[in-house]
Amino acid sequence: MRKAMAIGLALVLAMTGYGFGQAGATPTGFVRVNGGTFMMGSPENEEGRYDNEGPQHQVTVSTFYMGRYEVTQKEYQEVMGKNPSIFKVGINPSGYRGENLPVENVSWFDAVEYCNQRSIKEGLTPAYTISGSDDNRTVTWDRNANGYRLPTEAEWEYACRAGTTTAYNTGASINKNTGWYEDNSGRTTHPVGQKPANARGLFDMHGNVWEWCWDHGRRYSSEAQTDPIGASSGSNRVYRGGGWNTVDRFVRSAYRSTQTPTWKGWLVGFRVARNAQ
């Protein structure tokens, strides 16, 4: 009887994403990204390179959890009670089910609100304190909180590269079989996880929708850094990865762009991260 109960408990834990007897097991839907050191940014001879991708500099990143997929419309709806996306079921010309599409048309503020609300819903400590309203909101980050958060720009690039030093985590180029971008998207988003994952098991790091990161936009320093979080202030926030409407050079691992945190559009979504336990 005891043996049967133990087996049953182990099966329940496995189905919910936690290994029996394991401390700090990876949460369901996440990938454990083991920390390490890499060269952030692009070399001067990389094709399609922009000046703000340099200088290349050494960055050390601590271990963290990264969402395996971009946050979907279903996940956003379940937490926020609404779906702001443009490419919904019935509107998407491809006919895909909206709930499996990445959420888009969300601002940076929308993304951090989602992180907090999902943390509260799951009994975790919210990572962010949000004060003020509308365009005057201020967000501070408790870096010790165990709740959901946006990845830093350094975490995002480290996770995307997955040990590669090439322009894409697929090599020197990308093609229609390895990411959703202008050449093959049909001018629409696509359900998450349809293209192959990178070596870390993360899907859609190149294309589909752009992904908000925590950082204020800034120019890189040439100095080596550990767990950088960007500038302490600024008017814009970083987003990464390119999207369904961008040319191939914009979905490179090092490409970076910024927008105001209130801006939203049908090309930008996000994925979530958590501190490793």
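Bear in mind these aren't lab numbers, they're just calculated from the coordinates by the rules spelled out. Since we're looking at a predicted model, the values are computed, not measured. Using ideal geometry, Cβ is built from the backbone for each residue, glycine included, and neighbour counts are taken over all protein chains shown.
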Unit charges at the beta carbon, dipole of the chain: most positive-side option, Ala162, Ser253, Gly48: Ala162
Mean ellipticity per residue at 222 nm, deg cm²/dmol - from DSSP H runs of n ≥ 4 across the chain, formula -39500 (n - 2.57): -5000 deg cm²/dmol
Per-peptide average of other Cβ atoms within 10 Å, ordering 176-188, 102-114, 265-277 highest first: 102-114, 265-277, 176-188
Check: the chain dipole with +1 on Lys, Arg Cβ and -1 on Asp, Glu Cβ, in debye: 860 debye
Dipole of the chain, positive direction: furthest Cα of Val139, Gly123, Pro196, with charges on the beta-carbon: Gly123
Contour minus Cα-Cα distance for Gln77 and Ser233 (0.36 nm per residue): 53.1 nm
